[in-house]
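Following: one structure in structure tokens, then a few remarks.
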Amino acid sequence: MAQPIAYVMPGASASRLSLIGTVITFILFLLVMPSWVRERWRSRHPWLTLGIRSRRGEASPTACLIEGLLRSAGLLALICLPLLLGSWGRWLGELTAADALNALLLCFGLGLAEELVFRGWLWGELNALMGPREAVIGQAVIFSLAHTRFDQGVLPMLGLLTGLLLLGLILAVQRRLDGGSLWGCVGLHGGLVGGWFALRSGLLQMSPSAPQWLVGPGAAHANPLGGLVGIIALSILLWRQLTALASAARP
């Protein structure tokens, strides 16, 4: 559906056409989802089932979103502080208007889109097909495979798979802790993506000699979730979430 745009915009690059195609696909996804949830999941309130709306008396979407953003800021700080203290990075604090807009779009646009796909639709489908426990693990595995680059060697690949798997589990548990609301996941996921983009785009100057165990694999496109610090931080966060979930389940 995006290909005809090439005739209207002859100078459009393949990446731009791909992005336009992705946007069109997601719009179609949004249009289909309400009827899909009503028919397949037998739900009378699809957006409530998907976590976009909240029930009365539960945590507000705004509060969940802010808490998720704060968690993402804390995780990014664990990466930035060693960079600054270890002389592998220098704080610049410079961000153009275009980069700031891109960071916001990544945070709220990409964060919402991916959470609606993975922790909304996919989790619900797997839950209907496999059961709740298998669905949590299954969506995290698919999430990690969909985001891992397989051209960086075995150890970097395993690091990314582990970090992304942990993040997928954390986001699923976060939704449980938020009473089914998806907005805490949007804040955490989107904050990590948008925040890291903003840091790399001008807020923080990173040395090429920055260790991989800290910034993760990928060189110029490093992903800190695949580094040792990121994996440890995510493991601790998951452990704390599971402890809180267990405490909330006790009578």
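The numbers here are math on the coordinates, done by the rules we state, and not lab data. Here the structure is a predicted model, which is why all the values come from computation and not from measurement. Heads up, the Cβs are rebuilt from the backbone with ideal geometry, glycines too, and the neighbour counts pull from every protein chain shown.
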- Size of electric dipole in the chain: Cβ of Lys, Arg +1 and of Asp, Glu -1, about Cα centre, debye, nearest 20: 640 debye
- Task: Return the FRET efficiency for the residue pair I137, A248: r is the Cβ-Cβ distance, R0 is 25 Å, and the value is rounded to the nearest 0.05.
- Result: 0.75
- Message: Can you compute the charge dipole magnitude of the stretch 102-251 about its Cα centre, using +1 on each Lys and Arg Cβ and -1 on each Asp and Glu Cβ, nothing else charged? Give it in debye, rounded to the nearest 20.
- Response: 300 debye
- Query: Out of every Cα-Cα pair in the stretch 179-220, what percent are more than 13 Å apart?
  - Reply: 64 percent
- Long-range amide H partners of L204 with built H, under 5 Å: L92, G93
- Pair-distance profile P(r), taking every C-alpha pair of the stretch 1-40, with 5 angstrom steps and integer %: 6, 23, 22, 15, 12, 9, 8, 5, 1
- Item | Kyte-Doolittle mean at least -0.5, axial Cα span of 15 Å or more - DSSP H helices of the chain | 14-40, 61-85, 132-147, 154-177, 183-198, 228-249
- Message: How large is the Kirkwood hydrodynamic radius of the stretch 7-90, counting all unique pairs of alpha carbons, in Å?
- Response: 17.4 Å
- Query: What are the radius of gyration and Dmax of the stretch 114-250, computed over its Cα atoms and given in Å?
  - Reply: 15.6, 49
- Item | Distance (nanometres) between label positions extended 7 Å along Cα→Cβ at R16 and R90 | 3.4 nm
